[in-house]
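Remarks on the structure that follows.
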Amino acid sequence: MILISLLLTLVLSSLCLALVSPTLVLKKEAMFVDAISHSVLPGIVFSFILIKSLDSFLFDFFAVFFSFLTALLLKKVFNSLKISKESIIGLFYTFLFSIGVLMVVFFANDVHLDADAVLFGQVEYTVFDTLNIQILPFLNATHLKLSLCLLVILLWVKFFSRKLYYESFDFNFATFKFKNLKYLNYIFYLILSFVLIMSFKVLGVVLVLSLAIAPGLNAKLFSKNLNDMYVYSLIYCVLSSLIGTFVAYSLNISIAGTIAFCNLIFLLLANFLKTNSMHKN
Amino acid sequence: MKIVVSNLSVSYQNLLVLNQVNFNIPINTITAIVGPNGAGKSTLLKAKLGLTNFNGNISFFGKNLKESRSKISFMSQYQEVDWNFPMTVFDLVLMGRAARLKFWQSYSQEDLEFTEKTLKEVGMWSKKDSLISNLSGGQKQKVFLARSLVSNPDILFLDEPLAGIDYKSMQDIFKILKVQKEQGKTIVVVHHNIEDISKYFDYIVVVNKKIIDFGPVEDVIKRRSISKAFNS
Amino acid sequence: MLIYFSVLLFALVAALYGNFCVFQKQGLIADVLGHSVFPAVILSILLTNSKSYFYMMVFSFLFSLLAFAILNYLKRNPLLDKDSIMAIILSGFFGLGTLLISILKRNSSNLISGVSDIFYGNVSAISSYDLFFILWFSLISLLVYYFLRRYLIFSSFDSTFFKFKFKIHKLVDFIFYFILTFLVTLSINLVGIILTSALFIIPCLISYKFSKNYFQLEMISSLAACFSCFLGVFISSNFNSVPTGPLIVIILGLFFISAHFISIKPSKL
C-alpha cells in the first residue's frame with residue numbers, strides 16, 4: 001500500500017516535469033532551472049516563516065508566488081549583462097541561496113526544513129502527509145495537488161506550447177509574427193514555478209533538475225517534431241522512473257539519487273546510439 | 001507609394017548604432033541594403049520590423065507597422081536560428097502560416113495546401129519530411145525563403161539570405177525573388193556583397209551608421225557612393 | 001595565523017583563474033566540477049573507511065576530470081546544447097552522491113558526521129594537513145599562472161586567432177582546466193560544493209567595470225576575493241553555527257551590488 005502511494009507520487013511528479021521538459025530543453029534554459037531551484041530557497045523559507053507549516057495550501061501559494069517572482073527577476077538579470085550571461089546567473093543564484101541557507105540557520109533550524117531535506121527531498125516522507133478527506137486509502141493531498149498540476153500542464157501543452165516552440169527556434173521571426181509572446185512566457189514561468197515547488201518537496205532539488213531536463217534532452221535526439229518530443233519525453237520518464245525505482249528498491253538505496261544517476265547513464269547511452277546511427281547514414 | 005523611414009536613430013547601451021537615417025523605398029522593387037560590417041544594416045531591418053527600440057518614424061505605404069504587420073514577412077539571419085531543432089522542412093514552412101491562428105485553432109487545409117505550393121515553388125518539395133539539420137546551406141535558405149513567402153505578404157524583408165551559400169542556390173533564390181516581384185511584391189534585402197548589384201537589384205540603400213546614399217542602382221553606382229561607404 | 005594566510009592566497013589564485021572562466025563564458029563550469037566532487041568524497045569514505053583528506057582529494061580530482069571528460073564527449077553532438085548537458089552531469093553526479101550516502105548511512109553511521117561541511121564549507125573543520133596542502137598548491141598555481149597568463153589573455157579575447165597562431169593552445173587549455181579542477185576541489189573546504197562557482201566568478205564581475213586594463217582587473221578581483229574570504233572566515237570561526245560558504249558568498253554579493261551602484265552614478269565616460 002505504501003509502495004503504491006510512493007510510486008503514484010513519483011509518477012505524477014515526473015510526468016509533470018516530463019511535460020515541461022521539451023520546452024525547457026528547446027529554450028536552452030536548463031541551467032536557468034538550476035538557478036531557480038537554488039534561488040527560491042529564501043522565498044520558501046520566508047513562506048515557511050509566514051505560514052509556519054510545510055503542508056498547507058497557503059504555503060504552496062506563497063512559495064509558488066516567490067518562485068515566480070524569482071524566475072522573472074532572474075530572466076531580467078540574465079538579459080541585462082553583456083559580458084557573460086551565465087556568470088551573472090551564477091552570482092545571482094549563489095547569492096540568493098546563501099541568504100536562504102543563513103535564513104534557515106537563524107530562523108528555522110528546529111523544524112524539519114533543514115538543509116539536507118531541501119536538497120534531497122524525501123520521497124518516502126510524503127506518504128505520511130494526509131488530507132482530511134480521503135478518497136481512497138492510498139491517496140493523499142500531495143496526489144491531489146500533483147494531479148491538478150498535471151491537468152494544467154496538459155492544457156498548456158495542447159494550446160500554448162507550439163508558439164514557444166517556434167520562439168525557441170527563431171526568436172526574431174516569432175516575436176515579429178506572434179502577439180503576446182511575452183505573456184506566454186510569463187504563463188510558462190508561472191506553471192514552471194508551480195511544478196518546481198510541488199516537486200521540490202517530493203523529489204528534492206537535484207532530482208527535479210534531472211527530471212526536468214533528461215526527458216526532453218533524450219527526446220530531442222530522436223524527434224522530428226514537437227509531438228514526437230512530448231511522446232518520447234513521456235515514454236522516457238515512465239521508463240526511467242520505473243527502472244530507477246526498481247534498482248533503488250532492490251539495492252535499498254536512495255530512490256532520488258538512483259534516478260538522477262540513471263538519467264546521466266541513459267543520456268550517455270542514447271548519445272552513443274544516436275551518434276553511431278548517424279555515422280551509418 | 002513608398003516605404004518611408006524618417007529620422008531613425010537606434011542606440012544600444014549608449015552607443016549610437018544608427019544616426020538620423022532618412023530614406024524611402026518605392027513599391028514593387030527589389031532593394032538592397034548594403035554597407036560594411038557593423039554598419040547597422042541588420043539593425044535597420046530590425047528597427048523597421050519593430051524588433052528593436054528606436055527613435056523616429058517608419059511607414060509602410062502610408063500605414064504604420066501595427067496596421068501592416070499581416071502583410072509583411074521576413075527571413076531571419078542564418079546564424080540567429082537553431083538549425084539543430086527537431087523540425088521537418090514542411091513544419092518549418094508551415095510556421096509561416098501560424099500568425100493567423102488563435103491558440104485553440106490548428107492548421108487548416110488551406111494552410112497545408114499553401115505550404116505545399118510554396119515548397120514546390122522553391123524546389124524543396126522532395127525534402128518535405130527531412131529534418132532541417134540534414135539540409136545543406138543553400139537548401140536551408142530556400143526553405144527559409146519559402147516560410148516567408150507562404151503567408152503571401154506584400155512586403156518581404158530578407159536578412160542576408162545569401163550568406164555562405166553556393167552560386168547555383170544563389171541564382172535560384174534570385175530567380176524566385178524576381179517571380180515574386182512580378183507578382184507585385186516589394187522586396188528588401190540586406191546584402192553582404194557588393195558585386196553584381198546592378199544585375200539583381202533595382203534600388204539600393206547604402207548605410208554606414210548613417211545613410212550614405214539611396215536611389216536607383218545605376219544612379220548610386222554613378223555617384224560612387226558604395227566605395228565611399230566601404231572606404232570611410 | 002596560517003589559516004588566514006593560506007585562505008587569502010587561495011582566494012587570490014581562485015580569483016585570477018576565475019577571471020578567465022568568466023571571459024571564456026565558462027562561468028558555470030566550476031559549478032559542474034564542484035557538484036561532481038560530492039560522490040567522490042563519499043566514495044573515498046566508503047572505500048577507504050576513513051576520512052583521509054588525501055584520498056578525498058585524489059578521488060575528487062578524478063571525478064572532476066571524469067565529469068569534464070563527459071561534458072566534452074557529449075558536447076560533440078550538435079543536438080545537445082551545453083546548458084542541458086551540464087544540468088544532467090551536475091544532477092547525475094550529485095544523484096550518485098546521494099545514492100552513496102544512503103549506503104554510508106546504512107553501513108557506518110559514525111562517519112556521516114561532518115559530511116554537511118562539504119555542502120556549505122566549514123573553515124573550522126580544516127586541519128593543518130589540509131591547510132598545508134592548500135598553501136602549497138596555491139603557490140604552485142600562482143607560479144603556473146605567471147607563465148600561462150599571456151596565453152590565457154590572448155585565448156580569452158580572440159580565441160580563433162589564438163587557435164590559429166599558437167599550436168600549444170591545447171596544452172594551455174589542458175593545464176588551465178587541470179589546475180582549475182584542483183582549485184575547485186580545494187574550494188570545497190571554504191565554500192562547499194554548491195557555491196563553488198561564486199568564488200571564481202563574482203570577483204571578476206565586481207571588478208570588470210572599474211578596470212581599464214587587465215592588470216587592474218587582476219588587482220581588484222583578487223582584493224575583493226581576499227577581503228571577502230578574510231571576513232567570512234573571521235566571522236565563521238567565531239560563530240560556529242554559521243557556515244563559511246554562504247557567508248563568503250553574501251559578502252562577495254554585497255560587494256558586487258555596491259560596485260554596481262557606484263559605477264552607475266558617475267557620468268558616461
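Nothing in this text is a laboratory measurement; each read-out follows from the coordinates by a stated rule. Just so it is clear, the structure is predicted and the values come from calculations on it, not from any experiment. Glycine also receives a Cβ, built like all others from the backbone with ideal geometry; neighbour counts cover every protein chain displayed.
Overview of results
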quantity: Nonlocal amide H pairs with B:ILE211, under 5 Å, H built at 1.01 Å; calculated: B:ASN22
quantity: Distance (nanometres) between label positions extended 7 Å along Cα→Cβ at C:ARG150 and B:VAL4; calculated: 6.1
quantity: Angle between chain B longest axis and helix B:137-149 axis [Cα atoms, degrees, rounded to 10]; calculated: 90
quantity: For B:PHE74, distant residues with modelled amide H under 5 Å away; calculated: B:PHE157
quantity: Crossing angle, helix B:167-182 versus chain B [Cα axis fit, 0-90 degrees, rounded to tens]; calculated: 90
quantity: Exposure proxy order (Cβ contacts within 10 Å, fewest to most) of B:HIS191, A:HIS143, C:HIS260, A:HIS38; calculated: C:HIS260, A:HIS143, B:HIS191, A:HIS38
quantity: Förster radius 41 Å - calculated FRET efficiency between A:ILE49 and C:MET219, Cβ distance, rounded to 0.05; calculated: 0.50
quantity: Residue-by-residue Karplus 3J(HN,Hα) for segment A:258-264, coefficients 6.51, -1.76, 1.60, Hz, glycine and proline x; calculated: 5, 5, 4, 5, 4, 4, 5
quantity: The protein assembly as shown, dipole about Cα centre (Lys/Arg Cβ +1, Asp/Glu Cβ -1), debye to the nearest 20; calculated: 2320
quantity: Per-residue average of Cβ from other chains inside 10 Å of B:74-87; calculated: 6
quantity: By average C-beta atoms within 10 angstrom, highest first, the peptides B:146-159, A:86-99; calculated: A:86-99, B:146-159
quantity: Span from the segment C:1-66 Cα centroid across to the segment A:1-70 one, whole angstrom; calculated: 29
quantity: Stokes-Einstein diffusion coefficient of the protein assembly as shown, Kirkwood radius over Cα pairs, 37 °C, 0.692 mPa s, in µm²/s; calculated: 115
quantity: Spatial separation of Cα centroids for segment B:122-182 and segment A:159-207, in angstrom; calculated: 30
quantity: For segment B:53-66, 3J(HN,Hα) per residue [Karplus equation, 6.51 cos²θ - 1.76 cosθ + 1.60, θ = phi - 60°, Hz, x = Gly/Pro]; calculated: 6, 8, 10, x, 9, 9, 10, 10, 6, x, 10, 8, 4, 4
quantity: Entries of A:LYS163/C:LYS209; A:LYS177/B:LYS120; A:LYS145/A:LYS177; B:LYS209/C:LYS170 with Cα pairs more than 28 Å apart; calculated: A:LYS163/C:LYS209; A:LYS145/A:LYS177; B:LYS209/C:LYS170
quantity: Calculated P(r) of segment B:2-118 - Cα pairs past 20 Å, %; calculated: 56
quantity: Exceeding the 27 Å Cα-Cα cut-off - candidates B:LYS48/B:LYS175; A:LYS179/B:LYS41; A:LYS224/B:LYS66; B:LYS199/B:LYS228; B:LYS128/C:LYS25; A:LYS182/B:LYS48; calculated: A:LYS224/B:LYS66; B:LYS128/C:LYS25
quantity: Rounded to 5, percent antiparallel among DSSP beta bridges of chain B; calculated: 55
quantity: Theoretical FRET efficiency, 1/(1+(r/R0)^6), r = Cβ-Cβ of A:LEU73 and B:GLU80, R0 25 Å, to 0.05; calculated: 0.45
